Amino acid sequence: MFSSIANAQRTCRILFVGDRKDAPQEVTLFDGKGFQKVELPTMNLSPVYEVAAGEVSLRLLKEQVESPELIPSGAPGAKLSESAGDFYLLVSNDPANKLLPLSMKVVDADFSRFRMGEMLWFNLTNNRIGGKLGDEKLDLKPNSRLISKAPTDKAGNFPVELYYQRPGDKDVWPLCETKWIHNPNGRVVMFVIPEEGVRVPRLMGVPDFRKQEKKGS
């Protein structure tokens, strides 16, 4: 069995953002140097997985193979640069892949400026997202990352009013008007995700306590 733990210098958490129907609950992740079983949760982030350092090619497999040379060429893949640090792996459906109908996207995570009570936003769409989060304004450009300050200075509910603007469109469209719960002792990661066949983007928020939950600690 191969293991990447000894050479790990970064961590990964996984989120499945596709249609749960017929999708596996777990798969095998090859990180360029080793294999490990990983979960594909939909409503929360996976456990923290350690990943090998260096420039590597990630691959997803149904089951572990005896050696890297036996990995099928059609296995879903993504690349990590040598300078990449902690990251999220977003896994979605890919019916065109007959070997394993999944695809994955690497999203860098930078915790050096991500403080307690704040929200880390990843806009994975071509839409501009704006509005108010409690006392704070949000202006999230297409395909960008942003850290928004704590929406309030105390624990409890805060109002949320968000809009989106499609590429080339001067009008803005309602996205979300509700209340969210603020925890000043936690961090929340927000993903704005495109939905196939739907104009309105999808919002998904999950807490990330990666620093406290690092696997093996």
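Brief remarks on what is shown
- Those residues of the range 166-217 which are at pLDDT below 85 and either out of contact with any helix residue (DSSP H, G or I) (no Cβ under 8 Å at 6 or more places or on another chain) or open to solvent by less than 60 Å² (accessible area, probe 1.4 Å) (or both), in sequence order: 195, 196, 197, 208, 209, 210, 211, 212, 213, 214, 215, 217
- All told, residue 122 meets the bar of being in contact with a Lys or Arg (Cβ under 6 Å, 6 or more places away or on another chain), closer than 21 Å to residue 186 by Cβ and of a type in the set (Phe, Trp, Tyr).
- Residue within the range 102-113 that is crowded, with 20+ Cβ neighbours inside 10 Å, touching a Leu at 6+ places or on another chain (Cβ under 8 Å) and of a type in the set (Gly, Ala, Ser) present: yes
- Of all residues in the range 109-133, those being among the basic types (Lys, Arg) and in a strand (DSSP E or B) number 2.
The values are calculated or read from the model by the stated rules, or taken from the named source; none is laboratory data. Quantities reported herein were computed from a predicted structural model and do not represent experimental measurements. When we count neighbours, we look across all protein chains shown, and the Cβ atoms used for this are built from the backbone with ideal geometry, even at glycine. Only protein heavy atoms, including side chains, enter the accessible area calculation; ligands, DNA and RNA are left aside. Shrake-Rupley method; radii C 1.70, N 1.55, O 1.52, S 1.80 Å.
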